[in-house]
Structures are given as C-alpha cells and as structure tokens.
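Read through the structure below, which is laid out as structure tokens, and then see the notes.
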Amino acid sequence: MMFSYAFMQHAFLAGTAVALVAGAVGWMVVLRRSAFAAHALSHIGFAGAAGASLLGVLPLWGLLAFCLGGAGFIGALGERSDDRDSVIGIVLAMALGFGVLFISLYSGNASTAYSILFGEILGVSMGDVGVTIGVSLLSLVALATLWRPLLFASVDRSVAKARGVKVGLVSVAFMVLLAFAIAISVQVVGVLLIFALLVTPAATAQLLTARPLMGVAASIGFALLAVEAGLTLGYQFGYPVSFWITLIATTNYALSRLYVHLRIRHSANSRRVN
C-alpha cells in the first residue's frame, strides 16, 4: 500500500499544502500578469537555497530569505508597470550571479542542487512537512486578508488608487505573499518547473470561469489534481514526480482550451442556424 510508507505520507501532506497555496496565489498571479515575476522569484530563491546548502542550513530557509528579499525589492522599486520588467530583470541577474558563486563553492552532494532545480517531494521530512503546512496556512490567511484591495487593484489599478487603495503597498504585500508561495512550491516541482503549479492550474481555471471565487476554487482543484495524481503515478511507475505533475497540469490546460474552443464554435454554429 502506498500510504504504508512514511515518505509517501509526508509527500502527500506537503504536496496538498503546497497545492492549496499555489492554486490560490497563482490565480492572482495570472490575473495580475505577474508570471515573469513568479519565474524570477523562483530563480532568486534558487540562489538562496544554494547559499543555505553552502552554510549547512535547511534550503527552505534560504529560499524564503532570498524570495522575500527579492519580492520586497521588486515590489518597492517596480511599482509602475513600465519599470517592473526592468527591475525584475536586474534583481534576477544579480541573484543568479550569487547562485553560480554559491554552487561553485559548494563541495557537498550534487543531489542537493538537483533537488532545488527539479524538486524532490519524496524526500521531505516530517520537519519539512510541519514548516510547509505552517507557511501554507499563513499564506492563505494573508491572501484572505488582502483579497478585496488586491482584487480591486488588479482589475483596475487607476480606479483603485483614486478610491484610496494604497496600490503600492498592496503590490509589495502581494509580492511577499508570492515569495512564500514560491518558496514552498519549489520543494515540490523545483525552480525550473515552478510554472506547473503556480501558473498552469490558474491559467486553466481562468479559461473556464471569470468569477473570482469560482476561479480560485477551480485553480486549487487543478493544482491538487496535478500534485496528488502526480505523486500516485510517480509511485506506480517510478519516473520523477515533478514530471508527472507538469504533464498532468499541462494536459488539463490543453483539454480546457479545447473545450472552450469547441464551446465557442458550437455557439457560433447555433447562431448561424437560428
């Protein structure tokens, strides 16, 4: 039985917690068109994890530290949309430089760097599970607290600012929240595959519904499906879990696009007949 093994129990607990946060925060990432920021923060987090490994500290703490630092910097200096990409690119390049330095100085097992890049959900300890669940709960509470002003600022920034919403502060707060989501998601799918959980389920949900709460629920559902089915297939067939998660998430997106296309085509044909 799959759940008779402690490592599978740990993987499902941590994976479920990560999917909840990635699905909820990812929906807002797609709405705000912040996919590049999510991509950049994951690579910034890689530098932090590499530095933590060099110091003999749990990589998750390095991930959190660098993701939070990068998020604060990007949120504070890139408030205007015409500045954001430039600021993100500069911070990303600097962090990757540090990452290369830390990896070159690291003399330990190369599997640590590999797990940072591609994820190693089957290797999480009970301590990692506790940290992951704690960070996930804090992130969900923070998102719920920030939801109304964040949604308002994301849909119409100018009107939100005119109505007194502090859009700059909201932007920084969201970037910090995104940093937490990325830091815990990396241990599941890794730096290079972060879009599989943080962007793909949310993009799939937004194809199917424009309602915010329904969209978030659908995004979480798709993220949970990808993680739990990916873990099950990884256990059964032995291939990397992150591969299965990515494959399932992408397949869901492709099928959803096909469904929307067929629905639009059917509606168009119905109007012609009438």
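The values are calculated or read from the model by the stated rules, or taken from the named source; none is laboratory data. Because the structure is predicted, anything quoted here is derived from the model rather than measured. Note: ideal-geometry Cβ built from the backbone for every residue, glycine included; neighbour counts use all protein chains shown.
Annotation note: Cβ proximity below 6 Å between a residue of the stretch 205-227 that is under 17 Å from Leu143 (Cβ atoms) and a residue that is outside any helix (DSSP H, G or I) and among the β-branched types (Val, Ile, Thr) (sequence gap 6+ or interchain) occurs for Gly215/Thr209. Scoring Asn269 on the criteria (1) at pLDDT below 85; (2) in contact with a Pro (Cβ under 7 Å, 6 or more places away or on another chain) leaves a single failure, condition (2). Could you tell me which residue of the stretch 213-245 is surrounded by the fewest Cβ atoms within 10 Å (Cβ to Cβ), considering only residues that are hydroxyl-bearing (Ser, Thr, Tyr) and out of contact with any Ser or Thr (no Cβ under 8 Å at 6 or more places or on another chain)? The residue in question is Tyr239. If only residues of the stretch 70-124 that are closer than 30 Å to Ala229 by Cα, within 21 Å of the chain's Cα centre (by Cα) and of a type in the set (Gly, Ala, Ser) are counted, the one that is modelled with the highest pLDDT is Gly123. Picking from residues in the stretch 160-172 that are without any contact (Cβ under 8 Å) to a residue 40 or more places away in the chain and in a helix (DSSP H, G or I), the one that is surrounded by the fewest Cβ atoms within 10 Å (Cβ to Cβ) is Ala162. Looking at this structure, is Ala210 in a helix (DSSP H, G or I), at pLDDT below 90 and surrounded by fewer than 22 Cβ atoms within 10 Å (Cβ to Cβ)? When the stated conditions are applied, Ala210 does not pass them.
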